[in-house]
Structure formats: structure tokens, C-alpha cells
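Colleague: After the C-alpha cells below, expect a handful of questions from me.
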């Protein structure tokens, strides 16, 4: 079973997350940030990962702590569920359009974290989600999941760009974590 359950409680946030890599894309997401809920639900649906997430935080300050800690928990849960990563495809990529926007993501679930994101947003926020937090979310997620992510997006509408980015990440991850055999895809023998 490639599942994980992670909890994180700090003075700023309280988060419980469960995921199943081999699910059907079911999502129960509640963060208090509507657009962020929409992105995480879309991620679950398109990755095929079942995701239960309840997150509360100091939104009276701003959304930074909640978004960051959600990325920490999601990244750790992905890492835990993958275990030794035996048999996974390891690499995944996707190109996802959403109207005028196009997002591209290539990733390596290889035990090393790195993010390259080429994106420019016109608005400071989409709903209650600060657009600066999009890069921070993926950077924190990649760090805690120990994956390398190269992503880019262009377009005119920030909602479309961010949603296309989350969907492209979902499809790339779905391809990378797919079981293709039994061995670890590395000349080192470990990831």
C-alpha cells in the first residue's frame, strides 16, 4: 500500500493529511483558502492520488504559513508513500493548456530536490491566494518530497496559468510514480 498519513501542528498551523498514491483522484480538501482548495482538489483529481487534507492556520495574518506548511506535509507524505521508490517510472512530464495558458512540467522523483519555475503573474492574488506563494508552494513541496521539478507557464489570466501549472504537475507526477517493474531506476541502486 502506497499510502501516508502526516500531521503537523505548530503555533501557526494545524494540518492533517492522508494520501493514497494508487487512488482514483478523490479529494476532501479544506484549508480556508478557496482557490488553494480548488488547486489541491484539481491536483488530486488529475494525479489520481486520493487526498484528504484539513488545514487550519493563522489566516488573520496572511496565507503564507498555511500554504507553506501544507506543502511541507504534502511533500513528506509523498516521500513516505513512495518508500524506497522501487519500480516507479521515476521521470514524468506533461504539457497542459487551459484556454490561453500553457503549462509544462518535467520532474524526477529521484531523491534530490530542486525547483526551476518560469512564471510571471500579473495579479498579486487569485482569490485569497497570493501569487508569490505559487513558487514557494512548489519549492517547499519539491524539497520535502525530494523531487526535481522544472516548470514553466505562460498566458494572460493568472487563474488559468496557476491551474494549468497544478494540473501539469499532477500529470507529470502521476507518470513518474507509476509502477513499471520492481527495480530501482538508478545506476547507484538507490534513489
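Colleague: Residue check: is residue 74 assigned to a strand (DSSP E or B), under 19 Å from residue 8 (Cβ atoms) and in contact (Cβ under 8 Å) with a residue 12 or more places away in the chain? Walk me through it before giving the result.
Modeller: Values: assigned to a strand (DSSP E or B): no; under 19 Å from residue 8 (Cβ atoms): yes; in contact (Cβ under 8 Å) with a residue 12 or more places away in the chain: yes.
No: the conditions fail for residue 74.
Colleague: Would you confirm whether any residue within region 114-134 is in contact with a strand residue (DSSP E or B) (Cβ under 7 Å, 6 or more places away or on another chain) and at pLDDT below 95? Even if it seems obvious, please write down each step before you answer.
Modeller: Step one: list which residues in region 114-134 are in contact with a strand residue (DSSP E or B) (Cβ under 7 Å, 6 or more places away or on another chain), which gives 114-119, 124, 131.
From what's left, at pLDDT below 95: none.
The answer is no; no qualifying residue exists.
Colleague: A follow-up question, please. What are the residue pairs meeting all of these: first residue in region 135-158, first residue touching a residue at least 24 places away in the same chain (Cβ under 8 Å) and at positive phi, second residue in a helix (DSSP H, G or I) and buried (at least 16 other Cβ atoms within 10 Å of the Cβ), Cβ atoms under 9 Å, and 6 or more apart or on different chains?
Modeller: If the second residue must be in a helix (DSSP H, G or I) and buried (at least 16 other Cβ atoms within 10 Å of the Cβ), the pairs left are 146/75; 146/78; 146/79; 146/82; 155/161; 155/164.
Colleague: Can you find, within region 18-39, the residue that is farthest from residue 79 (Cα to Cα) among those that are crowded, with 22+ Cβ neighbours inside 10 Å and in contact (Cβ under 8 Å) with a residue 40 or more places away in the chain? Quick ask: steps written out before the conclusion?
Modeller: Keep residues of region 18-39 that are crowded, with 22+ Cβ neighbours inside 10 Å, which gives 19, 21, 31, 33, 36, 39.
Checking which are in contact (Cβ under 8 Å) with a residue 40 or more places away in the chain leaves us with 19, 21, 33, 36, 39.
Numbers: 19: 11, 21: 11, 33: 25, 36: 22, 39: 20 Å.
If we take residues in region 18-39 being crowded, with 22+ Cβ neighbours inside 10 Å and in contact (Cβ under 8 Å) with a residue 40 or more places away in the chain, then 33 is farthest from residue 79 (Cα to Cα).
Colleague: Moving on. Surrounded by fewer than 21 Cβ atoms within 10 Å (Cβ to Cβ), in contact with a helix residue (DSSP H, G or I) (Cβ under 6 Å, 6 or more places away or on another chain), assigned to a loop (DSSP other than H, G, I, E, B) and at negative phi - does that describe any residue in region 96-117?
Modeller: yes
Colleague: Can you name every residue in region 96-111 that is within 16 Å of the chain's Cα centre (by Cα) and modelled with pLDDT of 95 or more?
Modeller: 96, 103, 104, 105, 106, 107, 108, 109
Colleague: Any residue in region 14-37 that is assigned to a helix (DSSP H, G or I) and in contact with a helix residue (DSSP H, G or I) (Cβ under 8 Å, 6 or more places away or on another chain)?
Modeller: So far as region 14-37 goes, yes, one or more of its residues are assigned to a helix (DSSP H, G or I) and in contact with a helix residue (DSSP H, G or I) (Cβ under 8 Å, 6 or more places away or on another chain).
Colleague: Given 161, 120, 174, 167, which one is more than 18 Å from residue 71 (Cβ to Cβ) and buried (at least 22 other Cβ atoms within 10 Å of the Cβ)? Walk me through how you get there before you give the answer.
Modeller: Values: 120 fails: buried (at least 22 other Cβ atoms within 10 Å of the Cβ); 174 fails: buried (at least 22 other Cβ atoms within 10 Å of the Cβ); 167 fails: more than 18 Å from residue 71 (Cβ to Cβ).
Of the residues listed, the single one that is more than 18 Å from residue 71 (Cβ to Cβ) and buried (at least 22 other Cβ atoms within 10 Å of the Cβ) is 161.
Colleague: Would you confirm whether or not region 64-87 contains a residue that is touching a strand residue (DSSP E or B) at 6+ places or on another chain (Cβ under 9 Å), under 24 Å from residue 130 (Cα atoms) and surrounded by fewer than 18 Cβ atoms within 10 Å (Cβ to Cβ)?
Modeller: So far as region 64-87 goes, yes, one or more of its residues are touching a strand residue (DSSP E or B) at 6+ places or on another chain (Cβ under 9 Å), under 24 Å from residue 130 (Cα atoms) and surrounded by fewer than 18 Cβ atoms within 10 Å (Cβ to Cβ).
Colleague: Have a look at 11, 52 and point out the one that is over 22 Å from residue 124 (Cβ atoms), out of contact with any strand residue (DSSP E or B) (no Cβ under 6 Å at 6 or more places or on another chain) and either in a loop (DSSP other than H, G, I, E, B) or at pLDDT 95 or above (or both).
Modeller: It is 11.
Colleague: Okay, next question. Residue check: is residue 123 in a loop (DSSP other than H, G, I, E, B), farther than 22 Å from residue 183 by Cα, in contact with a helix residue (DSSP H, G or I) (Cβ under 6 Å, 6 or more places away or on another chain) and in contact (Cβ under 8 Å) with a residue 24 or more places away in the chain?
Modeller: Judged against the criteria, residue 123 is a match.
Colleague: So residue 132 clears everything in (1) more than 22 Å from residue 171 (Cα to Cα); (2) within 16 Å of the chain's Cα centre (by Cα); (3) surrounded by fewer than 18 Cβ atoms within 10 Å (Cβ to Cβ); (4) touching a residue at least 40 places away in the same chain (Cβ under 8 Å) except one condition, right? Which one?
Modeller: (4)
Colleague: Can you tell me which residues in region 40-54 are crowded, with 22+ Cβ neighbours inside 10 Å and farther than 24 Å from residue 113 by Cα?
Modeller: none
The values are calculated or read from the model by the stated rules, or taken from the named source; none is laboratory data. If you're wondering where the values come from, they're calculated on a predicted model, not measured in any experiment. All Cβ positions, even for glycine, are placed from backbone atoms using ideal geometry, and neighbour counts span all protein chains on display.
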